[in-house]
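A.B. asks: Below you'll find the structure I mean.
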Amino acid sequence: MMRAYRFVGLTCLLAALACSKQKNAAATSPQTVEAHLDSGRIETQVPANSDPGTSFNEIRAMRYLKEIVAFGPRPIGSENHKKVEEYILSHLKGDEVEEDAFTIDTSEGKFPVRNIIAKYPGTRDGIIVIASHYDTNYPLRGTSYIGANDGASSSALLLEIANQLRGKKRDGYSVWLLWDDAEESMKLPWVDAESLYGVRHLAQKWQDDGTIKKIKAFLLEDMVGDADLNIDRDTNSTPWLEDLVGQAAVRLGYQSHFFGRINQVEDDHMPFIQRGVPSADLIDFDYGYGNVFWHTPQDTVDKLSPKSLQIVGEVTLETVRLLDKK
Ligand SMILES: [Zn+2]
């Protein structure tokens, strides 16, 4: 994933808590990530949903994660990248899959890029997109960096969500799962013009063919496997959709893992935000105290937990259900 500005401030938590004043104040004074946060998380006492209607299998999701990581570094243009493409596709056999393949011309040369979209039709007119990038950081290609959290966790999460959607009649919006490509910057520090290639291409394509008007929500997953799970409230995301994610977390009793920090995150949702699509980035951008494991060879499986995948997976599916009912 890419960069973020952290805000110093109290928790602005969940659904209905009014905190616009605080957010506005924060929005004028972004702090860099070294700012220390003492986030007083709000523990709202709400009973867990007795019928979450999901059988999200976190053990299976963790197995996918480990299998993706086992390919090694997966930067664009690499053999490992091709292998993970094939790996994702091999889990979508029998599903309706669209591929959006094209070539990018970067300062590091030309590279093939491929977005993979699996479509699960619903009865209601409209689409909910759930996305994750599957490439690993290109500048770190020569290191032992394997992106267990940054890339593999969310890609594995989507594979398990596919299992939850497959073969079931959806009495709601169509759900499209998007494994997007070439998210990571070609250079570090981050270069806007040389990142988010996959989603920028797809958002433009969907704008040109009219698809974008049908997208009711864009839910982005990024760095969702940290055993110490604290999903940020992202100020670039659409407030009402963030609220809905918060409501889903409360319904499932997972609210202590959500919105303990306020962050402004520039990530794969940006091209959709810019086109007016309601979007939410589910990201935990504090991976190791001070985010020390991010974009380092320390981003390994031992820092992650299947429980975190379960929490984010179930909250995502609950958010979809709430959107269906809206
Ligand atoms: Zn990254």
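The values are calculated or read from the model by the stated rules, or taken from the named source; none is laboratory data. Worth saying up front: this structure is predicted, and the values here are computed from it rather than measured. Backbone-built Cβ (ideal geometry, glycine too); neighbour counts: all protein chains shown. Heads up: the accessible areas ignore ligands, DNA and RNA and are worked out on the full protein's heavy atoms, side chains in. Shrake-Rupley method; radii C 1.70, N 1.55, O 1.52, S 1.80 Å.
A.B. asks: In the range 100-109, what residues are surrounded by fewer than 12 Cβ atoms within 10 Å (Cβ to Cβ) and in contact with a strand residue (DSSP E or B) (Cβ under 8 Å, 6 or more places away or on another chain)?
C.D. replies: The one that is surrounded by fewer than 12 Cβ atoms within 10 Å (Cβ to Cβ) and in contact with a strand residue (DSSP E or B) (Cβ under 8 Å, 6 or more places away or on another chain): T103.
A.B. asks: Picking from K213, K205, which residue would you name as being farther than 15 Å from T316 by Cα, surrounded by fewer than 22 Cβ atoms within 10 Å (Cβ to Cβ) and either free of Cβ contacts under 8 Å to residues at least 12 places away in the same chain or within 16 Å of the ligand (Cβ to nearest atom) (or both)?
C.D. replies: K213
A.B. asks: In this structure, does L219 turn out to be under 14 Å from H269 (Cα atoms), away from the ligand (no atom under 13 Å from the Cβ), in contact with a strand residue (DSSP E or B) (Cβ under 9 Å, 6 or more places away or on another chain) and open to solvent by less than 30 Å² (accessible area, probe 1.4 Å)?
C.D. replies: yes
A.B. asks: Shifting gears a bit: Only one residue in Y197, Y173, Y254 is closer than 28 Å to T106 by Cα, open to solvent by 10 Å² or more (accessible area, probe 1.4 Å) and out of contact with any Phe, Trp or Tyr (no Cβ under 8 Å at 6 or more places or on another chain), so which one is that?
C.D. replies: Of the residues listed, the single one that is closer than 28 Å to T106 by Cα, open to solvent by 10 Å² or more (accessible area, probe 1.4 Å) and out of contact with any Phe, Trp or Tyr (no Cβ under 8 Å at 6 or more places or on another chain) is Y197.
A.B. asks: Next up: Go through V292, V301 for me and flag whichever is without any contact (Cβ under 8 Å) to a residue 12 or more places away in the chain, open to solvent by 20 Å² or more (accessible area, probe 1.4 Å) and closer than 24 Å to Y138 by Cβ.
C.D. replies: V292
A.B. asks: Among the residues of the range 304-324, write down those that are open to solvent by 20 Å² or more (accessible area, probe 1.4 Å), closer than 20 Å to V250 by Cα and in contact with a strand residue (DSSP E or B) (Cβ under 8 Å, 6 or more places away or on another chain).
C.D. replies: R321, D324
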